[in-house]
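Note sheet for the following structure.
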Number of protein chains: 2
Amino acid sequence: MSATIIDGAAVARRIRAEAAAGVATLDRPPGLATILVGDDPASAVYVRNKRRLCVEAGMRDLHRHLDGDVTEVDLAAVLDELAQDEAVTGILLQLPLPPHLDAASLIARIPPEKDVDGLTEASAGRLALGRPGLRPCTPAGVLALLDAYQVKLAGAEAVVVGRSDLVGRPMAALLLRRDATVTVCHSRTRDLEAVCRRADVLVVAAGRPGLVGAGAVKPGASVIDVGIHRGPDGLRGDVDFEAVRAVAGAVTPVPGGVGPMTIAMLLANTVTAARRLGQPGH
Amino acid sequence: MSATIIDGAAVARRIRAEAAAGVATLDRPPGLATILVGDDPASAVYVRNKRRLCVEAGMRDLHRHLDGDVTEVDLAAVLDELAQDEAVTGILLQLPLPPHLDAASLIARIPPEKDVDGLTEASAGRLALGRPGLRPCTPAGVLALLDAYQVKLAGAEAVVVGRSDLVGRPMAALLLRRDATVTVCHSRTRDLEAVCRRADVLVVAAGRPGLVGAGAVKPGASVIDVGIHRGPDGLRGDVDFEAVRAVAGAVTPVPGGVGPMTIAMLLANTVTAARRLGQPGH
């Protein structure tokens, strides 16, 4: 038996279309302010894609490109201006920043209502306490994939490999809110393979190419690969796809799995933010 | 073999003594503002104990007692006044509040720097992101007990039963920061006994008397019982103490286990808050 291949590109397309439909219901288009500091080529590609899909969904592209030697004071002033600006409903500060800038204190200037990347302390607190808020895009995208393939989460054993602030931890919080029994593993976990093999739902965000092989997968499990690594033979993930597809019930490919979901969820968050900001009381 | 009985009263005494020693190093004593609304007898006892031990540790007792029919606006004004008052270094709003008051929006008025109960969104976010902040007292107390008995956490399998905002979730976050492989169970978990039996460290905060018996405990495990229930034969916990002590390596009694730790950690948090508020930059 071979696993269902989870088609992230198709699910992402649907979510982007839903975001565009959401935009059409608003009195005025949401405005997404992406901020790129310096000229890191990978960051430039990411930001370009975000801007392109934001425009495709009918949103305003309010991009700012700042010199790589911008001072922290000047970048803070830009963030404060965007925070005030009513045309801006979402702010995304592209990471990583050049090393002379303190990412945490700059991110803290983004109002939680416009924090479409879900990276502020306030957003993390809202997630931890189960309150309405903007969730980090990648784990939200994983959840959307699982839902698109009707993977049962309530009562399931979910194992998350990796405990980053961006993916692992918020992923665990989201799965727990959906009534899964959730285990978080990491580099200090004693028998990673045995722990992973308990999982009905296995989310791998370890940042180590091919870490999870067939021996770490319970037959029939749903396996989501958040890793992305550039190698001699193209892109690959944290999961040994060819080996795992023979055991799993469903598995995401790399590329074409989680990757396209991140931007799709960014657009969904931007619509959510615009809707909430437009409500009386804000 | 019979388990080591973890003596929470003794550990709490030591932590209170450390808090008192910390107070003595400060330029001026910390001030703890406990706020009691109405006349719930259990809440009155808790607040009285907090105030008594705060004074014993050399802190200022800045208690406020408000009528049970206080309006939300008036209670908010009291909180705002305490937030501004430099003599107040810790604010504790005793829960539960009467049903006409919205606890979440009132707690949100407590500045995170004075949030000695660790209940605000900001404190939850700081914990989730592993940043310095004030942690909820009960899970912090559990961690202090485990440390006092030199229970190894790095690489250990830790299982937390219960996912409340006050105990279960922050407990999982704290154990994860200490490099345990952490699983969170709850009422929807399929085979609770089997999951618990994986644990080297088992923290039970389910709110169900006697839920965890010997069959849920791996021989030699450390078992921490956060439950407290009043029954015909006195107080008991979520753990069947007599059965579990024959299997576990260490276990907390009820009373005299986690109970005394909560106030001890409140005092420790109040010293921490006073120290940070006294630092330049605040």
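The values are calculated or read from the model by the stated rules, or taken from the named source; none is laboratory data. Keep in mind that this is a model prediction, so the values were computed, not measured. All Cβ positions, even for glycine, are placed from backbone atoms using ideal geometry, and neighbour counts span all protein chains on display.
Values as computed for the structure displayed
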quantity: For B:VAL151: the one exception among (1) within 18 Å of B:ALA12 (Cβ to Cβ); (2) not in a loop (DSSP other than H, G, I, E, B); calculated: (2)
quantity: Options A:ARG236, A:ARG230, A:ARG208, A:ARG245: the member that is under 24 Å from the mean Cα position of the chain (by Cα) and at pLDDT below 95; calculated: A:ARG230
quantity: Test: residue in the range B:228-239 that is crowded, with 20+ Cβ neighbours inside 10 Å and more than 26 Å from B:SER187 (Cβ to Cβ); calculated: no
quantity: Only listed residue being among the basic types (Lys, Arg) and closer than 22 Å to B:ARG126 by Cβ, chosen from A:ARG177, A:ARG190; calculated: A:ARG177
quantity: The lone exception for A:SER123 - which of (1) buried (at least 21 other Cβ atoms within 10 Å of the Cβ); (2) more than 14 Å from every other protein chain (Cβ to nearest Cβ); (3) not in a loop (DSSP other than H, G, I, E, B) it fails; calculated: (2)
quantity: Cβ-Cβ under 6 Å pairs, at least 6 apart or on other chains, the range B:195-222 side part of a helix (DSSP H, G or I), far side surrounded by 17 or more Cβ atoms within 10 Å (Cβ to Cβ) and small (Gly, Ala, Ser); calculated: B:CYS196/B:ALA216
quantity: Test for B:ASP225: is it within 18 Å of the chain's Cα centre (by Cα) and free of Cβ contacts under 8 Å to residues at least 40 places away in the same chain; calculated: yes
quantity: Filtered residues of the range B:240-271 (kept if buried (at least 17 other Cβ atoms within 10 Å of the Cβ), of a type in the set (Gly, Ala, Ser) and not in a strand (DSSP E or B)); calculated: B:ALA248, B:GLY249, B:GLY257, B:GLY259, B:ALA264, B:ALA268
quantity: Residue list for the range B:1-20, restricted to those being of a type outside the set (Ser, Thr, Tyr) and modelled with pLDDT under 95; calculated: B:MET1
quantity: Filter result for the condition that a residue is within 10 Å of another protein chain (Cβ to nearest Cβ), farther than 21 Å from A:GLY38 by Cβ and either out of contact with any strand residue (DSSP E or B) (no Cβ under 9 Å at 6 or more places or on another chain) or touching a residue at least 60 places away in the same chain (Cβ under 8 Å) (or both), over A:LEU134, A:LEU129, A:LEU153; calculated: A:LEU129
quantity: Any chance B:ASP179 is among the charged types (D, E, K, R) and over 23 Å from A:CYS185 (Cβ atoms); calculated: no
quantity: Failed criterion for B:ASP233 (all others in (1) free of Cβ contacts under 8 Å to residues at least 24 places away in the same chain; (2) over 17 Å from B:TYR46 (Cβ atoms); (3) in contact with a His (Cβ under 8 Å, 6 or more places away or on another chain) hold); calculated: (3)
quantity: Where a residue in the range A:243-259 is closer than 12 Å to A:VAL223 by Cα and its partner, wherever it lies, is among the aromatic types (Phe, Trp, Tyr) and part of a loop (DSSP other than H, G, I, E, B), with Cβ under 9 Å and at least six apart; calculated: A:ALA250/A:TYR149
quantity: Check on B:SER222, surrounded by fewer than 20 Cβ atoms within 10 Å (Cβ to Cβ) and outside the structural domain of B:ARG60 (by TED's automatic domain parsing); calculated: no
quantity: Contacts under 6 angstrom Cβ, first residue in the range A:111-124 being among the small types (Gly, Ala, Ser), partner modelled with pLDDT of 95 or more and not in a helix (DSSP H, G or I), 6 or more apart; calculated: A:GLY118/A:LEU134; A:GLY118/A:ARG135; A:GLY118/A:PRO136; A:SER123/A:ASP115; A:SER123/A:GLY133; A:SER123/A:LEU134; A:ALA124/B:LEU129
quantity: Verdict on B:PRO170 being away from chain A (no Cβ under 12 Å) and either within 24 Å of A:ASP165 (Cα to Cα) or assigned to a loop (DSSP other than H, G, I, E, B) (or both); calculated: no
quantity: Test: residue in the range A:214-233 that is in contact with a Cys (Cβ under 6 Å, 6 or more places away or on another chain) and closer than 25 Å to B:LEU176 by Cα; calculated: yes
quantity: Subset of the range B:176-219 that is crowded, with 17+ Cβ neighbours inside 10 Å and acidic (Asp, Glu) - its residue that is nearest to the other protein chains (Cβ to nearest Cβ); calculated: B:ASP179
quantity: Set B:LEU106, B:LEU92: member being surrounded by 19 or more Cβ atoms within 10 Å (Cβ to Cβ), more than 10 Å from chain A (Cβ to nearest Cβ) and touching an Asp or Glu at 6+ places or on another chain (Cβ under 6 Å); calculated: B:LEU92
quantity: Residues located in the range B:79-120, provided they are closer than 16 Å to B:LEU36 by Cβ, in contact with a helix residue (DSSP H, G or I) (Cβ under 8 Å, 6 or more places away or on another chain) and outside any loop (DSSP other than H, G, I, E, B); calculated: B:LEU79, B:LEU82, B:GLY90, B:ILE91, B:LEU92, B:LEU93, B:LEU106
